[in-house]
Each structure stands twice: as C-alpha cells, then as structure tokens.
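Just below is one structure, and these are the notes that go with it.
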Amino acid sequence: MPEESERVRELIAGRHSKAALQLAKDLFKRCGSAESEALLVCAYKARIDDLLKLGLSVEAKALLGIVRDRFPAAAARLEELDREIYAIEGRLEGLVGPLRDANLPAEDRDRIETFIRQRIYDLPALAGVSSLPPEHPLREAASALASAFQAVTQGPVDDALLALPEVSRRSPLASWKALVRAIASYHRREDEECRKWLQAIADDSVPARLIPSFTAMMGTRNGAKFSPAEQMLIAAAGDAGAALCSAVKALEEAFKTRKQGPILDAMRTALAAMRHTDNATRERLRQHIAVRATTQHLNSSTVYAALGGQPRLDAYYLRLLARALEEQRLAESTAEAAIVWEDFRRQAIKENWFTADGLEDGVLSLHVAQLMEKIPPEIVAEIREEERFYRTPGKRGHEEVLPSPGRLYERACKADPSFEAFQMWLSWAKKAGPWQVADNVAESWRKARPKDIQPLLYLMESEEKRSAYKKSLKHLEEAEELDRLNPEVRRAKLRLLLAAAIRHLRQGKTHLAKAGIEQLESVPEVRPGEVAALAAALRWYCAALDPDPADLLRQEANLKRTLGDVAAYLLLAALAKEGDLGVKATPPLLQVSPIAAAELLTGTVKACVLGQWAGLPILLPRSWNNPLLAALKLPRGPLDEAQMLALGEAALDSGSAELAYAVSTAGLARGTANARFLFLRARCLPQWAALRHDGCCLAALELARRERDTDLAGKILDQLGEDQRGRPLPPELLSQILEEEQELKEIPVYQRYREPKYAAELESSPCDCPKCRARRGEPVDASDPWNDDEDDFDDEDDFDQTEPGFADLMNRLERILGKLPPELAQQVTRAITAGEDPVTAVNKVIDKLRPERASSSQKTKAAKAPLPVQGSLF
Amino acid sequence: MNPETPPASDPYAVLGISRNADDDQTRAAYVAKVKQFPPDRSPAEFELVRDAYDVLRDRRRRAQHTLFSVDLEAPLQSLLEGTDNDRRFAGPGPWLAVLKEK
C-alpha cells in the first residue's frame, strides 16, 4: 500500500495528525507489517505533538502511555515526547537527570542539550532541578543566568554581572548569556553592541525568539506584525521616543509628496507610535498634523479618522489653524482665518490666555479687522448668507461668525486705545461708508484720546467738504489749542481758509473773501513768500471782481515779484479753475517762447510745490510739455527730490504722462527716493504696460516698507490689485526691477513696446491651475476642478485675436483709454483683465466721473447758491 | 554667529528669560546680554539681543509676538523635544512572555 503510506506521511507533514492517525490505524489493521507499525507510531507521535501544542498535555501524556504500552519497541523514539511533557509540566528533573551520568553517550547528551537549548525557558526551574547536584555546571549556569536576566530587565547593571563565567561557550545556555548582554546593551543605548550579541544567539535557541522584538524596539523594523506578547514587550520596554521620532520624520516626508494615501498611512503609523507619549505631546502632535493636513486641503474626516479623532479644539490649535490659513494668502482662506481667529479669541479668553478687552484682545481684534479688509465683499456676502442658513437660533447669541471690520475696530480701540488702532479704524471708515460713519469714528477717537489732533483735522476736513464752515472752524480752533505749532494744524488751517476764500470769490462775496485772506495771512509760512503769494493771488481776483483796476495791477505786480511770472500765471490759473472764476476774471496770458527752459522749469516747480502744500491742484498747460521735457534733460538740474515729486504729481494731475515719466526718469537717475519715483512711474505708465505697472508698484512697496514709510506704502497698496498685495518680492528681483527701470528712460510706445526682462518673473495674474500652484509651492486641492484633464475650450480656437471685430474693439478701447486719466485707465484695464466686459468696465469708470447725486437737503442748499467742489483741496 | 545663540524667532530664548518675566527682569536680562555681547565685539549677537529686547519691552509688540509668532514651518520633530526618550525597564515578565509564547 505505498499510496496509502504516502498519504499518511502527507497528512503528518500537513499537520493533519488526527486524519493521519486514523488512516495509519486502518493501514496497520489491514497489513500488520513492521513498516505499517512504524508509520502508525509516527502518526501517534505527530498526534501527541499536536496535542501538546494545543496545551492538552494531560491527553498527550495519556496517549503517550497507551502508545508506549502497545509498542514497547518504539520507546526510544518516544523519549523526545517525554522530554517535551517534562518541560511543559515544569518537571525538568526527569529531563536533565541523565546528564548526571558522566558516561552518558554523547548522542544522548547532545539530544538533551539540544532540547534544553531549544525548549527550556524557565531558568529558575532549571537551576533548582534536584536530579542534578548543585555544583553541576548546568545548574550553576542556569542560576547565574536567572539572576542576571532578572537584573538586566529591572535596571542598569555593572559589567561584572554580565561576565557570567559560569556559562561556557559550549553550554546549552550559551545563547542566554548573549541575550542577557544584548538586553543590557539595549538599555545602555549601545545598539551596535546589542546587535553584536543578538547575532551571537543561536537561531534555534529559545532566546532567538526575542530577536524580532529587539529589532523593532531599536527602530529598525517598523510595520511588521507582532504577536500580542511581542507587542506588549515593545510597548513596555521599547524605545518609544525613537520610534515616534522616526514615524514623525516619515510623516514629514509624506507631507512633502502631497499625496493623500502616503500621508494618511504615515499618520496612522505616527499615531500608533504616539501611544506611549505623554498626553500633552500627543495632543500637540495631532493638532499640528491636522493643521498641516488642512493646509494641504486633505479631507478632514479622513484625516481625523487616521488621527483617531478630531484634535482638541483648544486655543493653541485654533491659533495654529488661523495662522496656517492666513499664510495661504487666498481670499477664501483669509475669510476662514478671520472666522477661526474669532473662535480662538473666545477660547483663549475661556482658557485665560488673556482677558476680554485686554491689550491682547485689542491687538487680536485689530489684526482680524485688517484681515477682514482684505476679503473681497462677494466672499463676505457668501459667508454671511451661509451663516444665516446654518445658524441655529440662540446658539451663538448675537455674535456673528464673521464680524464686520467696524465692530472689530471698535473692539480693538476699546481694548487698546492706541493712535495706530484709531488711525486704522478711521482709515477704514473713510472708505467703508457714508461720512457719518467716519465722523462717528473720529468722535470716538476724540473721546478716547482727547490730545490727538488727527480726529479734529479729519472732522474739520469732513465738515468743510459738507460746507459746515463754522463747525469746521470750531474744530480747527480746538486743534490749535492742542498744538498751534503742529505743521499739520497749520497746513489744515491754510487749506481751510483758502477753501473758504475761494468759495466766497465764487459767490462774488469779495468782502468776505478779503476778511478770509487777512486770516490766511496770519498762518506761519513754511517757505518764505508762499502765504503772501496766495494772498496776492486771491486779492487779484477780489480786485478783478470788484472791479478795481489799480489794485488789480498792484496785486499782479506783488504776485509776480513774489513768485515770478511763470508760477504767478500757474497759481492764478489754478485758482480760476478751482473757483470757476475764469469767466468773471481772466488771468493775464503768459508767452512761454521767450522764457528760458530752466526758468520755466523753476517757476513751474515753485507753483507745484505751493499748490501741493496748499492743496490747490496746479494744472500744467499741454503746450509746456516740450520745453519742460527739454529742461528736465539739462545737466545739473536745479531741483531737489521733493520739488521733482511735486512736479511729477502735477504732471499726472494734468494728464501729462510723458512729463511725469520724464520726472521719474530724472528721479531714478539720482538713485535716492527710489520708492516714490518708482511709484510715480507706475502711475504714468500706459494701461497696456500692466506688468511694468505691477513691477514698479511692488518694488516701490518693498522699498517703502524698508524705509518704514507707511504713508507711501498705504498709497501703493491702494494702487495694487488684490492679487498682488501680499506678494513677496525677492531682493534680487527688486534689484533687477530697479536697474531695468533706471535704464528705461523713455515712456513706452505701444508699437515698439517690449516687456522688460523682469516681467517674466512677474505674472500679473498667476495661473491658478494645480500645476502652476504646485510649482509656486502653493497647496493643491485634490478635488480641484482644475484637475479635470479635459479642457473646456481651446484658447487658440475660441479666442482668436485676429478676428476683425476684436481688432476694431481693441482700437476703440485704446482710444477711450487714451482719453481717460491714467489711474482710471488702469482701473479699466484691471477690470478687463479680471474678465469683465470691456463696455461695462468703461461705463463703470465713466460713472465714477459723474458728480454724485445730491441728497434732498443738499439740493435745497444748492438751489440757494451753487456749491463749489471744495473737497479737492484736501 | 555663536553656535550657542538661540534662534532669533524666540526673543524670550534670546534673552534667556521666562515668558512670565516682568519689565524689570526683561531689562536686567537685556543688560546682562549686552555685557556678554557688546556691539563692538559681537555685532551680530548684539543685534539679535537688541531686536529681542525691542519686541519684549513694548507691551503691544510683546502681545503681537505672543499671539502671532507661530512657526508653521517648524518640523514636527521639534514638538518631541524634551520628551522622555529612555528605554524603560519593564522587568522580566514581558520578556518571558515572548520566550514562552513559541
């Protein structure tokens, strides 16, 4: 029956001992041969072995007795099972007893020693076996090892304890000696030494069972499966710090891949490694990991699942999240950051980080208010709409998820009534709503800081604009009481008195104008002759309106003597324009041709500087462009930077971009005050040079920030588009822009226009597709609609620039934009770039040029006397 | 730069004071640091110390630092600094449990 015999062996090999035994019994009954008996004993042995492995030692022992009785010839083959039973029952006497015999055959000795090496783990039991004398080397070795093992697992040990001279190299317990030394090295953090001792452990020995746990504990085997006992050992004695550090490092690397799968896997590993860390560290790690995941736009519920739940929403976490959202520099993220900052504030107050209405509260509220100002109104409206939809009645009380900047500024100023906070609040109020809002802010400022002049000056300006002259004067007096010598107060007084005099002249009330001029003459001068010149110019109009020819001549002579012919002409022209006086009194004409270029330039600049100081726009005649341009190119120009900037601003106001550009060229060539000249250049560039405009603005902004010129920086920010405001400018790019702009000395012409080299670095509207965002190091959302591989349209097919209608439209647009002031033309270009219909964009800007519809009360006043546009003086 | 100089991002560490230090303690620490790093001998260190003091002397700037100085780029490993990295002695029990298991 060779097939059946083979089948029995197969079943034994497959550890199907029960079936093997049944088949072997059948075979033995039918054959009764020695071969079938040997096979049956083998099957019994396999069955007893399986029973022992299942922990059924009693059953195994009974079966072994039956087999031994039935097949006495097989007793020698069953000895191994005897030893196994001895070992399991802890009765090692019978097992090691034969070793007492010095004449034990080497083969038997080897068999017992192999068994000890492979199966005995109870060293104290072995050390106490009564079948061997106490001085027997095996007992002595076991005793020494048991003590050493106990010691190395409980605390640091001396090298003397590890010497273990009782354990010889040939001892069946030699691997235990290596194990004891490996454990000691492990706790001493001598990993190389530990590995050396682990290598000395025999592979088939009992101590070898600890090698996988060791490697895991030393951080060289992560992610392997361990038995419960091994997991307990790793947890209890493992190097938790190293494992966690390695897991966290792996997570950091996974974040760099920006792939959700590897990140989540690394998170889970890190979470497992965190089990033995203290609660505070674990929570901090979970919070930081969750925030990192948020910035990478990973699905929050998946992340929380990988992290074993949402991290604790305490002030620390909320602050971290808010800062991370802010750093993304996207409108939506900024809105989210503002919401989270508000949550942080509530939580921080609850956790006693700071108190409500304390300094920190003020600083935080100011910060959030500034963030809110950056959020486009449509996003704010969207969030408010969602808020209305989701709000549970009574849940949040009166608090909004997204508070208005006004409320935030109010809170900031209440908590920290600093000058800067009020200044920011007022600045926001001026832009945000009707004049009452800003006036209320100024009144709050006055109450909180009664010694500050700024709210008074603002109120004075606001009231003057609304023709509330008496109130305006009252505030001026209050400002003078506070600080009469303050240059801002002096300047405000001059502007107010000048505006009043012009208004009286327009109304033909020369007696009132004269009284005002006398008051104006009392204002201290910054530069000699300026106030006298203004007074002479105003008196010239009084004489012209009265009329008084003798006084007219006298005042004209006075004026020309003080300012010179050129500046006198420009000043009279500016007053005529400002007060609509040209019809009633025509200023004397000026022949430019006989005047030398340098003299024309000096006179013009004198008028520009005076106009800038007095808030009176000086308009430069177009016919003066060429001589002024020629004068600017003269070597050793007589003008200082302030004068040049005043000329540049006047050129911009007069719509002479070429002259303004020439001023910026001359200014940049000097190499000082680059920020202001770059900003001037940005504003005089044609609308189609949008990249250069942004480049100049960004460079000017960076320089202004370095010079801590907040006033200039604020103006530049107003000029920059939303997408460019937070954009950092590397130093090398700043240098490149400055160098190239210094080289570009002529105003660009459309037909010959070439973008400067730095334009390649500047994209006016950075592409928002995932590839470009990833290239820029910005987070990419896996669910981004951009990820769709199929483009909705083909640029070249659907946007054919050679289409005849398009060319015509562009030509007409070019003509319209050429007629608009440069700043408005820039606005139109921006709107078109942002995707707005060109016709709508132009109409919107033209609407802004139309006078505002007056309220009913204003209409009534207007019926009495036509109101001058005095606001332009401020 | 002195390798022992703490990171400039933390003015408290630069001056070597606790976060609860009052104005007098801050000033005293600043004076001590200036003596340690005089501007003529250690200009870079002095600049660090002066910047740190500028942040902490002004209550508003100090509050701004407290609220907004979160280093988002700091590696996650930095959170583990100061945690217990010892290999714990678990006693013979867990070791024997593995030895018995197979």
Evaluate peptide B:57-68: per residue, the Cβ atoms of other protein chains within 10 Å of its Cβ; return the mean as an integer.
5
List the residues, sorted by chain then number, that are 5 or more residues from A:L616 or on another chain and whose placed amide H is less than 5 Å from its amide H.
none
Any of A:K560/A:K584; A:K225/A:K259; A:K465/A:K577; A:K470/A:K577 with alpha carbons more than 23 Å apart? Name them for me.
A:K225/A:K259; A:K470/A:K577
Of all alpha-carbon pairs in segment A:1-144, indicate the percentage at a distance above 23 angstrom.
43
Could you tally the net charge around A:L678, taking each other residue with its Cβ under 15 Å from the Cβ of A:L678, Lys/Arg +1 and Asp/Glu -1?
-1
Filter A:K45/A:K177; A:K493/A:K715; A:K256/B:K33; A:K430/A:K471 down to the pairs with a C-alpha to C-alpha distance above 29 Å, please.
A:K45/A:K177; A:K256/B:K33
In Hz, Karplus ³J(HN,Hα) per residue of segment B:12-18 (6.51, -1.76, 1.60; θ = phi - 60°; x = Gly, Pro):
5, 5, 4, 8, x, 10, 7
Go through segment A:630-729 and name the GluC sites (Glu not before Pro) that are in a DSSP coil and have 14 or fewer other Cβ atoms within 10 Å of their Cβ.
A:E707
Which values, in whole Å and largest first, are the semi-axes of the equivalent ellipsoid of segment A:215-352 obtained as the square root of 5 times each eigenvalue of the Cα gyration tensor?
32, 17, 11
Going by a ≥ b ≥ c, the root eigenvalues of the Cα gyration tensor, does segment A:466-522 fall in the rounded group (a/c under 1.5), the prolate group (a/b larger than b/c) or the oblate group?
prolate
Under 12 Å, Cβ to Cβ, from A:A148 - net charge with Lys/Arg +1 and Asp/Glu -1
-1
Theoretical FRET efficiency, 1/(1+(r/R0)^6), r = Cβ-Cβ of A:Q751 and A:E378, R0 35 Å, to 0.05:
0.35
Pop out the ³J(HN,Hα) list for segment A:478-485 in order, Karplus 6.51 cos²θ - 1.76 cosθ + 1.60 with θ = phi - 60°, rounded to Hz; leave Gly and Pro as x.
4, 5, 5, 4, 6, 7, 5, 8
Mind jotting down a quarter of the surface of the convex hull over the alpha carbons of segment A:68-213, in square nanometres, one decimal?
9.7
Of the trypsin sites (Lys or Arg not before Pro) in segment A:73-102, which ones lie in a loop per DSSP and count no more than 15 other C-beta atoms within 10 Å?
A:R91
Separation of alpha-carbon centers, segment A:1-80 and segment B:4-70, rounded to whole Å
83
Tell me, how many Å apart are the Cα centres for segment A:157-173 and for segment A:423-481?
92
Kindly write out, for segment A:131-145 in residue order, the coupling ³J(HN,Hα) from the Karplus curve 6.51 cos²θ - 1.76 cosθ + 1.60 (θ = phi - 60°), rounded to whole Hz, with x marking Gly and Pro.
6, 10, x, x, 8, 5, x, 5, 5, 5, 5, 5, 5, 5, 5
The distance between the Cα centres of segment A:588-616 and segment A:546-574, in whole Å, is 13
Neighbourhood net charge (12 Å Cβ-Cβ; Lys/Arg +1, Asp/Glu -1) for A:V303:
+3
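Read the figures in this text as sums done on the coordinates, not as results from a lab. Treat the numbers as computed from the prediction; the structure is a model and nothing was measured. Positions of Cβ are backbone-derived with ideal geometry, glycine not excepted, and every protein chain shown enters the neighbour counts.
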